[in-house]
Amino acid sequence: MAIGGLKAFEEGGIRVPEDISIIGFDDIELTEFIHPPLTTIRQPMYESGSLAGHLLFQMLNGERVNESYKLNVQIIERQSVSEPAKS
């Protein structure tokens, strides 16, 4: 979606990051090779899948599972976000 947004803004004459900043989610490999390289949030996909599988087995076994879990995410800073103006 963020890559599509970059393209739509480009077609509309809106400059990224000069006029608007964009942040994507998932940090797919393509994001570092587009123009401008896309700032993204990297989520732990392997850990998410592993946790989902573990929870599924717990539920199938009739065990109680927590309603929420926290996994670490990381921001990958590239050039699609401008620096905030200094006052």
Practice task
Can you run down the residue pairs with Cβ atoms below 6 Å, 6 or more apart or on separate chains, where the first is in segment 18-42 and in contact (Cβ under 8 Å) with a residue 12 or more places away in the chain and basic (Lys, Arg) and the partner is in a strand (DSSP E or B) and surrounded by 15 or more Cβ atoms within 10 Å (Cβ to Cβ)?
Solution key: 42/76
Fill in the blank from the handout: For segment 59-75, pairs from a residue that is farther than 18 Å from residue 47 by Cβ to a residue that is of a type outside the set (Gly, Ala, Ser), with Cβ under 9 Å and 6 or more apart or across chains, are 59/65; 63/57; 64/58
Practice task
Identify, by number, the condition in (1) surrounded by fewer than 13 Cβ atoms within 10 Å (Cβ to Cβ); (2) in a helix (DSSP H, G or I) that residue 15 doesn't meet.
Solution key: (2)
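The numbers here are math on the coordinates, done by the rules we state, and not lab data. Small disclaimer: the values here were computed from a predicted structure and weren't measured. Please note: Cβ atoms are built from the backbone with ideal geometry, for glycine as well, and neighbour counts cover all protein chains shown.
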